[in-house]
Amino acid sequence: MNKNILITGGAGFIGSHVVRLFVNKYPDYKIVNLDALTYAGNLENLKDVENAPNYFFEHANILEFETLMNVFEQHDITDVIHLAAESHVDRSILSPMDFIYTNIIGTVNLLTAAKNYWKENLNTHRFHHVSTDEVYGTLGAEGLFTEETGYAPNSPYSASKASSDHFVRAYGETFHIPYVITNCSNNYGPNHFPEKLIPLFINNIIHKKPLPVYGKGENTRDWLYVIDHARAIDLVFNEGRNGEHYNVGGFNEWKNLDLVKLLCKLMDEKLHRENGESEKLISYVKDRPGHDLRYAIDASKINKELGWKPSVTFEEGLSATIDWYLQNEDWLKHVTSGEYQNYYTEQYSNR
Ligand code: NAD
Ligand code: DAU
């Protein structure tokens, strides 16, 4: 059966890689990218697929219910892969309500549009909700997040994502919407907006600006190359079991400070700077409130059930990522002008 897949947030970081994968891999499927083009959405990310015959763009907001219904009807949407969200923890501390609107109310709007439109043969449809490992809260020095770990979100961002996960489950239980949820660890790669650690620090190293490490840099994250996340979404969307969660992660834990030092070393090499030059930019700043100490994913379920594992090592992925930013300075310039400057001042000037 041919599918008409609505991908929300397809102009963002991860969404653009998912859209590209689906447009190229499934020429018989119609891929409809719905995105509000907030500060994080950028159609430059999709230049290479924008003229593909199976690609359609809808400039719309998931908060507008009537618009969503029109998009379902106009494109006869059979499936949804939902990535649209406010995604940055620091912004959720500055302004939590934006996260409640888009991440919770927007998700419920989308679920309701799917429920209203998919009246019959529900089993032929699927709602894939893209979530995060942050819903599980924080780990101490030991242990991994599994699909059985209880939800304990600590930031307004993760609380809004946890709430959206619960609504997806509730629409599954109450209205029989067939769904899957993926909970992924920290992504990195090309097109990552430079408010997040890796692209922010790459941009600052290029411009020899301070590298604001929160606290002592002891927090740990589990990093996954974005293209491997897109591959995982493809597998779970097509082969995952209804009503299940799948954790996705790189088995690749790094303490922030160790990661920043590695980044500095690689950048010094690539920019032909003296070894140690970029490390001198490290500046310890006031910690993030409610800063989760450690995230680490047990990805054995998706590995055993669906055969997924990361395709690139961290060294390969990080090197390719730095190369992409060095070759796409125009992209960086575009996204760091305007609103970005205001955000940067608000976030970092008093730390
Ligand atoms: P992003 O911030 O780069 O992109 C979000 C996209 O959603 C943007 O294109 C934006 O324009 C769009 N959007 C925002 N609000 C919208 C609205 N109201 N209506 C329509 N479109 C809207 O985010 P990302 O890092 O690509 O994350 C994508 C998804 O994956 C999110 O749901 C996030 O929670 C989840 N996730 C991210 C990571 C990560 O490391 N970045 C890890 C796990 C899960
Ligand atoms: O775990 C998945 C999550 O990963 C996603 O759900 C989120 O959308 C995504 O933003 C990411 O959240 P984090 O908060 O882990 O990512 P961020 O890049 O903001 O921060 C990574 C670590 O680096 C974290 O411990 C905070 C620290 N940090 C971050 C910034 C922006 C700094 O020390 N300095 C900084 O300037």
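Here are some notes:
- Residue among Thr102, Pro53, Ser283 farthest towards the positive dipole end of the chain, charges placed on Cβ: Ser283
- Among His334, His125, His229, residue whose mean-square fluctuation peaks in a GNM of the chain (springs only between Cα atoms under 10 Å): His334
- Over 31 Å apart at the Cα level, from the set Lys309/Lys333; Lys196/Lys265; Lys47/Lys216, are Lys309/Lys333; Lys47/Lys216.
- With the Kirkwood sum run over all distinct C-alpha pairs, the range 58-139 has a hydrodynamic radius of 14.0 Å.
- Summing charges over neighbours of Asn275, with a neighbour being any other residue whose Cβ is under 10 Å away from its Cβ, gives -3 when K and R count +1 and D and E count -1.
- Neighbour counts of C-beta atoms inside 10 Å place Met69, Met267 in the sequence Met69, Met267, starting with the fewest.
- Where labels lie 7 Å past Cα in the beta-carbon direction, separation of Ala152 and Leu262 in nm: 2.7 nm
- Estimated FRET transfer efficiency (Lys47, Ala141; beta-carbon r; R0 41 Å; 0.05): 0.40
- Rounded Å value of the spacing that divides the Cα centres of the range 31-54 and the range 91-155: 22 Å
- For the peptides 178-184, 295-301, residues were scored by their other Cβ atoms within 10 Å and the scores averaged per peptide; the highest-first order is 178-184, 295-301.
- Proximity of backbone amide H atoms, modeled 1.01 Å from N, is registered between Asp287 and Gly215 at under 5 Å, excluding neighbours fewer than 5 places apart on the same chain.
- Taking 0.36 nm per residue of sequence separation and removing the Cα-Cα distance, the Asn24/Ser300 pair yields an extension gain of 96.6 nm.
- Model label points for His59 and His207, set 7 angstrom from Cα along the Cα-to-Cβ axis, are 2.7 nm apart.
- Taking every alpha-carbon pair under 8 Å whose residues sit at least 6 apart, the chain reaches a relative contact order of 17 percent.
- Gln74 paired with Glu329, simple spin-label distance in nm, labels 7 Å along Cα-to-beta-carbon: 4.0 nm
- Global form of the range 25-69, assessed from the alpha-carbon gyration tensor, a/c cut-off 1.5: oblate
- Each residue of the range 11-166 gets 136 Å³ once the volume of the Cα convex hull is shared out per residue.
- Once the Cα atoms are used to define both axes, helix 339-348 deviates from the longest principal axis of the chain by about 60 degrees.
- Residues with amide H under 5 Å from that of Leu293, placed H, sequence gap 5 or more: Leu139
- Potential lengthening between Ala320 and Arg288 on full extension [0.36 nm per residue; Cα-Cα distance subtracted]: 8.6 nm
- Between Arg273 and His176, the contour length at 0.36 nm per residue exceeds the alpha carbon distance by 29.1 nm.
- Crossing angle, helix 256-270 versus the chain [Cα axis fit, 0-90 degrees, rounded to tens]: 70 degrees
- Helix 197-206 axis versus longest C-alpha principal axis of the chain: approximately 40°, rounded to the nearest ten.
- Summing charges over all other residues whose Cβ lies under 14 Å from the Cβ of Asp28, with Lys and Arg as +1 and Asp and Glu as -1, gives +2.
- The calculated P(r) of the chain, using every Cα pair and 20 Å bins from 0, goes 30, 60, 10, 0 in percent.
Throughout, read-outs are computed from the coordinates displayed, never taken from laboratory work. None of these values were measured; they are calculated from a predicted model. Cβ: placed from backbone, ideal geometry, glycine included. Neighbour counts: every protein chain shown.
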